[in-house]
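One structure is given here, and the rest of the page talks about it.
What follows draws every value from the coordinates through simple rules; no lab data is involved. Bear in mind the structure is a predicted one, so any value in this text is a computation, not a measurement. FYI the Cβ positions are ideal-geometry reconstructions off the backbone, even for glycines, and counts take in every protein chain you see.
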Amino acid sequence: MSKQIVSPPNMAPTSGYSYAVKKTGTPLFISGQVALDASGKIVGEGDAAAQTEQVFQNLRSVVVAAGGSMDDIVKINVYVTDAKYRPAIAAARERFFKPGSWPASTYVVVSGLAVPQLLVEVEAVAMID
């Protein structure tokens, strides 16, 4: 089944996320991904844009390994250590997700992540056919 984006007519238009997404399939719950490369080293220390790029690459790797694609991701939760990273995250999201088929999204500013050098963490839910 294709993904159905839910956009209530009485709500403000969104950019970069959907109010809700409906899709059947098998749920895949993806743990929070951070800016670690394949060797476990932090990518882009001090650089939110570089870290976000690595985070979304890691998300893609996980969903592809499970037999899906980025289009199967229906929900993301973004955790950042500073609200000013929002433009960098939005730019990366536009590269990794199809415009008009955005996942539902929550953006949370936290005081810190598991490792102090990490600036961004993203967890996701995918529905894989």
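The set of residues in region 30-50 being over 12 Å from the mean Cα position of the chain (by Cα) and of a type in the set (S, T, N, Q) consists of S39 alone.
The residues of region 56-78 that are of a type in the set (A, V, I, L, M, F, W, C), free of Cβ contacts under 8 Å to residues at least 40 places away in the same chain and under 17 Å from S18 (Cβ atoms) amount to a single one, M70. Looking at region 25-55 only, could you name the residues that are hydroxyl-bearing (S, T, Y) and without any contact (Cβ under 8 Å) to a residue 60 or more places away in the chain? Correct list: S39 only. List every residue pair whose Cβ atoms lie under 6 Å apart, where the two residues are 6 or more positions apart in sequence or sit on different chains, the first residue falls within region 79-90 and is touching a residue at least 40 places away in the same chain (Cβ under 8 Å), and the second residue, located anywhere, is exposed (fewer than 15 other Cβ atoms within 10 Å of the Cβ) and of a type outside the set (D, E). That search, which allows pairs on different chains as well, returns Y79/V108; Y79/V110; V80/V109.
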